[in-house]
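Contents: one structure, followed by commentary.
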Amino acid sequence: MAETNGLTVGPEEDVSLGQSIVLGLQHVMAMDVYVPPFLIATALALAPGDSTGLIQSTFLGAGVASLIQVLFFLRLPVCQGPSFVPVGAIVGLYAGTQGFDTVFGAVLVGAACVVLLGLSGAYKYIVRNFVPPIVSGAIIMIVGLTLLPSAFSSNIFVEGGSLSMGQNVLLACISAAIMIFFSMLGVYRPSLGKVFRICSVILALAIGSVVAWAMGGLDLSSVAAAPWLSLPHVAFVNYGLSLDPSAILTMLVIYVVLLAETTGTWYAVSSVIDEPLTDEQINRGVIGEGIGCLVGAFLGSTPVTGYSTNAGIISITGVASRKVFVAASGWFILLSFVGKLSALIMTIPSSVIGGVFAVVCTIIMLNGFRAVKDEPLSERQLYIIGVPIAVAMGLLNLPADLSSAAPQFVQFLLDSPIAVSALVAIVLNKLLPERTVAKSRE
């Protein structure tokens, strides 16, 4: 069994089918993959059937793309899911053309270009020359830090429906405490609590939902109304594919940002499992990313990216087996066709998810500190780490009026603090010279 970094099961180690199914489900439940398509559907005021179809297509695209990466290309314990980066661009492109034909045509061409970039072998040289450990560690910290505020603002500090803000805060605290309790039980009492550590996330979500039900904050009516079987929306059946030069150019810019985002996730996962990324693995990951987005476009899914949430859950549960992520991919595919299962996942109160998500984001951030702990933290290194963090925090709190006044291309970047901060870290690492110490004469 793996012992590195507290893992109980390493990436190449086996777990039983039953464990894989349960552990895969908790990754799915913690990822919130339905949020980007939900935001798109809401912004475009899509009809209920179209909204449901987009969400189901997103689950299907996430499942297929995850299988492609886990089994054939990146081969890391990570799941693919819809990125938040393209949301604004997709809404804008749809509004300009009144349809998804142009949107998914641009997604398709952009994904093909990502595949070609990976096949060329150029990306591994870009990463090797521009993303040393000090930069990758800073990116991992930024990933955790930038995701953390959304756990509070979008999930915990909310009021509406049948729960007050105070009740949501209480639910978040209860869910986080339950997850930490079961995770630590597995650490301090391995013979008794190993299974509890492994399932700590799903136990927290389940018990938190029961507490929410006792508070009157769990509504299962949508589950009862949902059909057992429904189909996602796919290309050439529910929409066509149209190629528009300006839409394609926009999506190419989005994919550049997307690659910066997903590379940060790969580093976060490799830090957790203590297995450094190789150049060849990075290149394969880019190919897999492109193929996943390419297939996803045909399945009606928006561009996908690796989810950093998985790194945090691996740290908490101690299980990094790729078999678990194959099971998670299977859950995504199943959820894309079974309406009641999808509805059940989406009934989990946001504050319950927020409590778990806040702890997971903190774990991701601390893994960034772990990645740079062996680096000599000179003033140069402090700037390389600190300035990008300041940029990320500034973009998170950027006034909407200031953002909307920027050109469309700049707005895409401003909507992705992770990508912009990663670029700042890369530039600082190249601009700030290494201090050379002259050798004393003998």
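The values are calculated or read from the model by the stated rules, or taken from the named source; none is laboratory data. Bear in mind that the values here come from a model prediction, so they are computed numbers and not experimental data. Neighbour counts are summed over all protein chains in view; Cβ atoms, including those assigned to glycine, are modelled from backbone coordinates with ideal geometry. In case anyone asks, the SASA skips ligands and DNA or RNA and just uses the protein heavy atoms, side chains included. Shrake-Rupley method; radii C 1.70, N 1.55, O 1.52, S 1.80 Å.
Within segment 101-111, can one find any residue that is open to solvent by less than 40 Å² (accessible area, probe 1.4 Å) and among the polar types (S, T, N, Q)?
Within segment 101-111, one or more residues are open to solvent by less than 40 Å² (accessible area, probe 1.4 Å) and among the polar types (S, T, N, Q).
Report yes if some residue within segment 276-293 is in contact (Cβ under 8 Å) with a residue 60 or more places away in the chain, open to solvent by 10 Å² or more (accessible area, probe 1.4 Å) and of a type in the set (Gly, Ala, Ser); otherwise report no.
no
Specify which of the listed residues (Tyr94, Tyr125) is aromatic (Phe, Trp, Tyr) and either assigned to a loop (DSSP other than H, G, I, E, B) or under 26 Å from Gly300 (Cβ atoms) (or both).
When all the criteria are applied, what remains is Tyr94.
Suppose the filter is assigned to a loop (DSSP other than H, G, I, E, B) and closer than 30 Å to Leu299 by Cα; does Val85 pass it?
yes
Say we look at segment 353-400 and pick out the residues that are among the hydroxyl-bearing types (Ser, Thr, Tyr) and without any contact (Cβ under 8 Å) to a residue 60 or more places away in the chain; which of these is nearest to Ile313 (Cα to Cα)?
Result: Tyr383.
Could you please find all residues in segment 303-323 being open to solvent by less than 10 Å² (accessible area, probe 1.4 Å) and within 30 Å of Ser242 (Cβ to Cβ)?
Pro303, Val304, Thr305, Gly306
Out of curiosity, is Gly368 modelled with pLDDT under 85, in a helix (DSSP H, G or I) and not acidic (Asp, Glu)?
It is true that Gly368 is modelled with pLDDT under 85, in a helix (DSSP H, G or I) and not acidic (Asp, Glu).
Tell me which residues, restricted to segment 401-429, are in a helix (DSSP H, G or I), of a type outside the set (A, V, I, L, M), surrounded by 20 or more Cβ atoms within 10 Å (Cβ to Cβ) and at pLDDT below 75.
Phe412
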